[in-house]
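Notes for the one structure printed next.
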Amino acid sequence: MFLKIFHPGTLFYLCRVKKLSFDMTNILSGKKGIIFGALDNQSIAWKVAERCVEEGAQIVLTNAPVAMRMGEINSLAEKCKAPVFAADATSLEDLENLFRKSMEHFGGKVDFVLHSIGMSVNVRKGKAYTDLNYEWMQKTFDVSAISFHKMMQTMWKLDAISDWGSVVGLTYIAAQRVFPDYSEMAESKALLESFARSFGYHYGNGKKSAR
Ligand SMILES: NC(=O)c1ccc[n+]([C@@H]2O[C@H](COP(=O)([O-])OP(=O)(O)OC[C@H]3O[C@@H](n4cnc5c(N)ncnc54)[C@H](O)[C@@H]3O)[C@@H](O)[C@H]2O)c1
């Protein structure tokens, strides 16, 4: 399995360059993927879902139950002819249920997963970096970074991802450099990147001999 972690700008750049340079018709034909994080048509995951389906993929959409009530995911689901399975990405029970239902829906393993999830409680509540609430910080890390590990661990235990499958997480340059306004999300992204490296090792060398 390939473990990839992209800055969203890079992801879009790659898509654009590829689209201009190559015939990308149906490059995802026969592929099955789960897309986390489409809330409304401003979400990165929304656009990725549309492009995946345009390229021939079959997808499952998922988001937190509360976000599904606020968002417009059902209209995307209709457009993409995709089922929506609610899952709080911080809940192992929800994740297991999501992967089991998705494999049942696809009739087999999953070829790709997009983790497009992020949220900072301290940023939302306008807390300065020099005055952070640590309970909120833990929630931020759980949603924005630890959910990535939980997702990969759930897939590992269920043997849910195909050989040569792909996992994509979205990071930001603030994981590596100081962007003061990004606040605790910088540490979330650093943690997310570290999980990608470490779990990438296990997927590359582990008992499943996946690439
Ligand atoms: N928009 C940008 O410019 C930008 C830049 C760098 C990185 N990113 C990253 O890209 C990803 C997507 O961001 P976006 O801009 O599309 O924002 P967005 O708010 O549309 O997407 C975030 C998603 O996370 C979901 N989410 C929150 N808590 C959840 C939970 N407990 N379980 C499951 N889902 C949950 C939200 O419902 C939402 O759909 C995030 O990881 C973000 O940090 C975005």
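A few comments on the model shown:
- All conditions but one from (1) in contact with a His (Cβ under 6 Å, 6 or more places away or on another chain); (2) in a strand (DSSP E or B) apply to residue 195; the one that does not is (2).
- Residue within region 137-145 that is touching a Phe, Trp or Tyr at 6+ places or on another chain (Cβ under 9 Å) and in a helix (DSSP H, G or I) present: yes
- Near pairs, Cβ below 8 angstrom, 6+ apart or cross-chain, from region 123-152 (closer than 16 Å to residue 88 by Cα) to any residue that is acidic (Asp, Glu) and outside any helix (DSSP H, G or I): 140/184; 141/184
- Single unsatisfied condition, residue 53 versus (1) modelled with pLDDT of 80 or more; (2) among the hydrophobic types (A, V, I, L, M, F, W, C); (3) closer than 20 Å to residue 160 by Cα: (3)
- Within the span defined as region 89-100, every residue fails to be within 25 Å of residue 196 (Cβ to Cβ), of a type in the set (Lys, Arg), modelled with pLDDT under 95 and out of contact with any Lys or Arg (no Cβ under 7 Å at 6 or more places or on another chain).
- 1 or more residues more than 12 Å from the ligand (Cβ to nearest atom) and buried (at least 21 other Cβ atoms within 10 Å of the Cβ): qualifying helices (runs of 4 or more DSSP H) within region 36-114: 44-54, 73-80, 92-106
- Among (1) part of a loop (DSSP other than H, G, I, E, B); (2) touching a residue at least 60 places away in the same chain (Cβ under 8 Å) - the single one residue 178 does not satisfy: (2)
- Considered as a group, the residues in region 7-44 that are more than 18 Å from the chain's Cα centre (by Cα) and on the phi > 0 side of the Ramachandran plot include one that is modelled with the lowest pLDDT, and that residue is 26.
- Residue within region 138-160 that is more than 24 Å from residue 103 (Cα to Cα), within 16 Å of the ligand (Cβ to nearest atom) and exposed (fewer than 14 other Cβ atoms within 10 Å of the Cβ) present: yes
- Some residue of region 162-177 being in contact with a Gly (Cβ under 7 Å, 6 or more places away or on another chain), of a type outside the set (Phe, Trp, Tyr) and crowded, with 18+ Cβ neighbours inside 10 Å: no
- Residues in region 115-140 that are within 20 Å of residue 44 (Cα to Cα) and either touching a Leu at 6+ places or on another chain (Cβ under 8 Å) or small (Gly, Ala, Ser) (or both): 115, 116, 118, 120.
- Among (1) within 13 Å of the chain's Cα centre (by Cα); (2) within 12 Å of the ligand (Cβ to nearest atom); (3) among the polar types (S, T, N, Q) - the single one residue 120 does not satisfy: (1)
The values are calculated or read from the model by the stated rules, or taken from the named source; none is laboratory data. Since the model is a prediction, treat every value here as computed from it, not as a measurement. Cβ coordinates were reconstructed from backbone atoms using ideal geometry, including for glycine residues, and neighbour counts include every protein chain displayed.
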